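A.B. asks: Encoded as structure tokens, here's the structure I'll be asking about.
The values are calculated or read from the model by the stated rules, or taken from the named source; none is laboratory data. Model, not experiment: these values are computed from the prediction. Glycine also receives a Cβ, built like all others from the backbone with ideal geometry; neighbour counts cover every protein chain displayed. We work out accessible area using only protein heavy atoms, side chains counted, and drop any ligands, DNA or RNA first. Shrake-Rupley method; radii C 1.70, N 1.55, O 1.52, S 1.80 Å.
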Amino acid sequence: MRYFLTSVFCLIASLVFCGEDFVTFNDQTQNFELTKEPGQIELTWQKLQSYVQESFSANETIKDDVLSINTAFLNDLAYIKAKKSGGALKETEFEMLKQWAKELQTEKNIIDNPQNIELSPSTLTEVMKRELVLQAQRARTFAYAPYSKFHVGSAILTKSGHIYTGANYENAAYGSTLCAEGSAIAKTVSFENRGTSLQMQEEIIAVAVVLRGGPGSPCGNCRQSLFEFNPNMLVIMADVDGEILEKPLSELLPMGFGPCNLKKAEVK
Ligand code: THU
């Protein structure tokens, strides 16, 4: 009986605490730790705020930049806290928020692929998807969005395992703004394309997009720009806390217009 109760307890405990770890600030060691149970919740959030703010403010040279990065970071922080209604900080949220400080970023240009998986939209692992989202969030902190104050980050993954990130950049002539996805496509083309290789070989297999208020999906124009290169790529849409929604591009742009439509119209 005792054995039975113990196993039931373990099962319930693993269901309650399954999945992601909490991040807790340890007062004794003065460090952040991963824990199975949340520690002092309010203290942890406060320490995270100063941990990020102190690291970026020390390295920004322009006062206005400190102010705008600070506002953007605090808005993400407040948004996540409100979304969780008082819950404890999770590891994913910690990693996403940390990216606001350049010094705390983990830049990655090639995806970790320890098992040498042949990369395609359907073979990506959860870890790879998370990594792509993190890189999109990292890029998001470089957005030039003085008019909308709406920061968007994007990260494209190619078959070769390369990651190309982009951020939106705006213009005083508003219409000349470029979306984060467009800026990531520009980088991908200029690094990997030869002739029409990027499109012909469906080299782009996934794109992650991060914006606050999501999981937010790419605008119509970006869907079209992405569709050119691979209608079957995986679109990983993420909120700033790391919440993910994923769909194949062909579902976001049904019956889209692509290179094959021009081919079909050719008169032989
Ligand atoms: N934006 C993107 O970067 N990607 C999208 O898919 C939607 C919109 C940017 C453009 C502009 O700088 C800001 O978000 C507000 O529209």
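A.B. asks: Return the subset of K36/K187; K149/K263; K81/K108; K63/K98 for which the Cα-Cα distance in this structure is over 30 Å, preserving the input order.
C.D. replies: Correct reply: K36/K187; K149/K263.
A.B. asks: Express the carbon and sulfur contribution to the solvent-accessible surface of the chain as a percent, rounded to the nearest whole number, probe 1.4 angstrom.
C.D. replies: In the chain, the share of accessible area belonging to carbon and sulfur is 56 percent.
A.B. asks: Let me ask you something else. Using only Cα atoms and rounding to the nearest 10 degrees, what angle (0 to 90) does helix 180-192 make with the longest principal axis of the chain?
C.D. replies: 60 degrees
A.B. asks: Given +1 on the Cβ of Lys and Arg, -1 on the Cβ of Asp and Glu, and no further charges, what dipole in debye does the range 126-263 carry about its Cα centre, rounded to the nearest 20?
C.D. replies: Using only the charged Cβ atoms, the result is roughly 220 debye.
A.B. asks: Could you state the accessible area per residue of the range 126-263 in Å², with a 1.4 Å probe and every protein chain left in place?
C.D. replies: Ligands and nucleic acids excluded, the figure is 44 Å² per residue.
A.B. asks: Can you find, among T106, A172, C260, the residue sitting farthest towards the positive end of the charge dipole of the chain, where Lys and Arg contribute +1 and Asp and Glu -1 at Cβ?
C.D. replies: Selected residue: C260.
A.B. asks: Note the angle between two axes, namely the Cα long axis of helix 126-140 and the longest principal axis of the Cα atoms of the chain, as a number of degrees from 0 to 90, rounded to the nearest 10.
C.D. replies: Approximately 80 degrees, to the nearest ten.
A.B. asks: A follow-up question, please. If packing is taken as the average count of other Cβ atoms within 10 Å, what order do 178-187, 239-248, 116-125 fall into, highest mean first?
C.D. replies: 178-187, 239-248, 116-125
A.B. asks: Another question, then. Round to a whole angstrom and tell me the spacing of the C-alpha centers of the range 179-211 and the range 214-239.
C.D. replies: That distance is 11 Å.
A.B. asks: With the cut-off at 1.5 for a/c, could you classify the chain from its C-alpha gyration tensor as rounded, prolate or oblate?
C.D. replies: Since a/c reaches 1.5 but b/c is at least a/b, the shape of the chain is classed as oblate.
A.B. asks: Per residue of the range 24-30, what does 6.51 cos²θ - 1.76 cosθ + 1.60 with θ = phi - 60° give for ³J(HN,Hα)? Whole Hz please, x for Gly and Pro, Karplus curve as stated.
C.D. replies: Result, ordered by residue: 10, 7, 8, 4, 5, 7, 6 Hz.
A.B. asks: Sticking with this structure for a sec: Where nothing but the Cβ of Lys and Arg (+1) and of Asp and Glu (-1) is charged, how large is the charge dipole of the chain around its Cα centre, in debye to the nearest 20?
C.D. replies: The calculated dipole for the chain is roughly 560 debye.
A.B. asks: Using alpha-carbon pairs under 8 Å, 6+ residues apart, how would you state the relative contact order of the chain in percent?
C.D. replies: Relative contact order for the chain comes out at 13 percent.
A.B. asks: Seen from all sides and averaged, what is the projected area of the convex hull of the Cα atoms in the range 126-263, in nm²?
C.D. replies: Its average projected convex-hull area is 8.3 nm².
A.B. asks: Taking Cα centroids, how far is the range 31-89 from the range 95-111 in Å?
C.D. replies: What the calculation gives is 14 Å, centre to centre.
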